[in-house]
Amino acid sequence: MKKILIYLMIFSVGTIFYSCDKPAPTELIDDVDGELEVELLNKDLDDYNIITGADTSGITQDLTGITNLISVSGIKITANNKTGFISLAQTMFFNKSEPIKYSDGRILAYRTDTLGIVKFNGIEANVVPYRIKYRDMLVLKDTLIGYKYQLYNFAGPLGIPDPFYFSYNASVSFEFDPSGPGKSFAFNIPTPPEIVGQVALFGHRHQKNLEAVLTWNPGTKKRISIIIGVIRPGQKSSIPIYKIKTADDGLLRIPGRYFNELPLERFEKVVFTFVRSYEGYHRNEIDELLASSQSIHSIVIDIP
């Protein structure tokens, strides 16, 4: 279980990472299984100042356009033939009157507020610091932007024992009781079926012939996301490279060109993250809330 705890560090729980470099435009390719939508998340893997890690909740979008975010996730991380299980629930209320900006004036994020009591499945969430890491004018920064509500449960002997358990293909109840003006409100967040992935990696990095075949239990008529990242020797955090959207049909062949053009000699492990998600908007008297739920399975593999 110690190895699993190490690899839980691959994803920094609830932390969004930002960079001054914008990702390349979404690239559409044709594959034997149909059209894939491939987004390049990091384009310069030789840059040792690159911001590493990913949000465990599976949220990769720009949050500057969102007023409030509610997210619940059921997460599995598999490494060395062992799997750790995490249940995560979090809420962020962004204050659009308090932007945090890069040196050139662009908006990085908004500060967050704590506005009352949040409960998931009747359990009161903890109020915890909310930090972001980003690069500004080549300088790495770590900034506290406020606080968020969170419940976190890792099913292991050294886990965090918040009594929140994510239920697949069901729902999670959300309740909010404001400390100031406004009315309490509540609703249920539907959760997707559990996703269980498998990865077959063929070839060798030195021969430039790596390919991957990904399989999983097909679950919905919608699309899923697969995030591919790499880990440097001696490090615990991954660098996300690609985000692929594909049909939830249980099979994806990833062409070798997506691996063999990378400087894989500088990396030790590759991470495949399967994400099946639902999201929808809810409105109260004042604000709009984005509610998102995810089933996530990350698989860590040594690069042959």
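Read the figures in this text as sums done on the coordinates, not as results from a lab. Every value quoted in this text rests on a predicted model; they were computed, and no experiment measured them. We place every Cβ from the backbone using ideal geometry, glycine too, and count neighbours over all the protein chains shown.
Details
- 3J(HN,Hα) couplings calculated from phi for segment 73-86 with the Karplus curve 6.51 cos²θ - 1.76 cosθ + 1.60 (θ = phi - 60°) are, in sequence order, 9, x, 10, 10, 10, 10, 8, 6, 6, 10, 10, x, 10, 10 Hz; Gly and Pro show x.
- Couplings for segment 176-189, taken from phi via the Karplus curve 6.51 cos²θ - 1.76 cosθ + 1.60 with θ = phi - 60°, read 9, 10, x, 8, x, x, x, 9, 5, 8, 8, 7, 9, 9 Hz in order; Gly and Pro are left as x.
- Long-range HN-HN contacts of A125 with modeled amide H, under 5 Å: V118, K119, F120
- Computed FRET value (nearest 0.05) for S171 with T143, which takes r as the C-beta separation and R₀ as 35 Å: 0.50
- Under the simplified labelling scheme, the K236-K82 pair shows an inter-label distance of 1.4 nm, with each label point 7 Å from Cα along Cα→Cβ.
- Over 26 Å apart at the Cα level, from the set K76/K208; K101/K183; K96/K119, are K76/K208; K101/K183.
- Directionally averaged projected area (convex hull, Cα atoms, segment 82-158), nm²: 7.5 nm²
- Each of the peptides 181-187, 288-294, 161-167 was scored by the mean count of other Cβ atoms within 10 Å over its residues; in descending order, highest first, they stand as 288-294, 161-167, 181-187.
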